[in-house]
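Input: a single structure, listed below in structure tokens.
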Amino acid sequence: GEQMLEALQDGDAVLVIGDMQRIAALKGAESIVPAIIVGKDGDDSFVYATRKGQLEAELPDIESEDIACMFFTSGTTGRVKAAALTHRNLVTGMTNTRMSMAAIFQRMAAAYGMDVEKLRASLPQSSSLLVFPLFHTSGCSAIFLTAFASGGKIVMIDRWSGEHALELIESEKITAFGAVPTMLWDLVNSPAYGK
């Protein structure tokens, strides 16, 4: 809770959206930032806030070099600090991912001897399994925002389990899955993999 509170203070946060576990930890750290509790443990309309009026301010004009988000990392110092990304950073990351996807579609279409648009039309809706946290660029930009911008379905898993991931891949008809090698190892070595 204390580490999350430090991140909120460093980023001048005015609203927190989180699950019951994280909001409870923030409350325990005496956070006064308004919060919305979401997920299976909370009512997504509940707001505990003493300064609720702050949420009704008009949105400012946004420039491409304005900060869009801050990912908090302790990789170099051991103390959590913000790594700020601008709107341009996020859009560039999404564009790079979409360009890579377009190149893959072109290669696939050529391999099958068909037009790219015909190939796209023959495929089911894009459905991504999101296993990376949203505080990481892989989770936020490459998967979440890219799928969101293209109208794809996003299925989130809150804790890694190869067996659970395989269940979701089957039941949710997952078409895209980014992972680290250890996760792929878990999948191919799962007893459920052959099914």
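The values are calculated or read from the model by the stated rules, or taken from the named source; none is laboratory data. If you're wondering where the values come from, they're calculated on a predicted model, not measured in any experiment. Please note: Cβ atoms are built from the backbone with ideal geometry, for glycine as well, and neighbour counts cover all protein chains shown. These area figures cover heavy atoms from the full protein model, side chains too; ligands, DNA and RNA do not enter into them. Shrake-Rupley method; radii C 1.70, N 1.55, O 1.52, S 1.80 Å.
For the condition within 22 Å of Val38 (Cβ to Cβ) and in contact with a Lys or Arg (Cβ under 8 Å, 6 or more places away or on another chain), Ser141 does not qualify.
Among the residues of the range 151-177, those identified as touching a Ser or Thr at 6+ places or on another chain (Cβ under 7 Å) and of a type in the set (Val, Ile, Thr) are Ile154, Val155, Ile174, Thr175.
Within the range 162-190, being more than 21 Å from Ala142 (Cα to Cα) and out of contact with any helix residue (DSSP H, G or I) (no Cβ under 8 Å at 6 or more places or on another chain) holds for Glu163, His164, Glu167, Glu170, Ser171, Trp185, Val188. For the range 105-155, the tally of residues that are of a type in the set (Phe, Trp, Tyr) and under 23 Å from Asn89 (Cα atoms) stands at 4.
What's the number of the condition Arg88 fails, among (1) of a type outside the set (S, T, N, Q); (2) surrounded by fewer than 17 Cβ atoms within 10 Å (Cβ to Cβ); (3) touching a strand residue (DSSP E or B) at 6+ places or on another chain (Cβ under 7 Å)? It is condition (3) that Arg88 fails. Scanning the range 157-179 for residues that are β-branched (Val, Ile, Thr) and in a loop (DSSP other than H, G, I, E, B) returns Ile157, Ile174, Thr175. Kindly indicate whether Thr137 is closer than 17 Å to Ala179 by Cα, in contact with a Ser or Thr (Cβ under 9 Å, 6 or more places away or on another chain), surrounded by 16 or more Cβ atoms within 10 Å (Cβ to Cβ) and not aromatic (Phe, Trp, Tyr). It is false that Thr137 is closer than 17 Å to Ala179 by Cα, in contact with a Ser or Thr (Cβ under 9 Å, 6 or more places away or on another chain), surrounded by 16 or more Cβ atoms within 10 Å (Cβ to Cβ) and not aromatic (Phe, Trp, Tyr). Of all the numbered requirements in (1) surrounded by 17 or more Cβ atoms within 10 Å (Cβ to Cβ); (2) assigned to a helix (DSSP H, G or I); (3) of a type in the set (Val, Ile, Thr); (4) without any contact (Cβ under 8 Å) to a residue 40 or more places away in the chain, Thr182 misses one, and that requirement is (1).
For the range 67-90, check the following and say yes or no: at least one residue is of a type outside the set (A, V, I, L, M, F, W, C), touching a helix residue (DSSP H, G or I) at 6+ places or on another chain (Cβ under 6 Å) and at pLDDT 85 or above. The answer is no; no qualifying residue exists. Residues of the range 111-153 that are without any contact (Cβ under 8 Å) to a residue 40 or more places away in the chain, of a type in the set (Gly, Ala, Ser) and not in a helix (DSSP H, G or I): Gly113, Gly151, Gly152. Looking across the range 96-129, just one residue is of a type in the set (Val, Ile, Thr) and at pLDDT below 90, and that is Thr97. I need the full set of residues from the range 92-128 which are open to solvent by 90 Å² or more (accessible area, probe 1.4 Å), among the polar types (S, T, N, Q) and within 19 Å of Ile174 (Cα to Cα), in order please. Gln125, the sole residue that qualifies.
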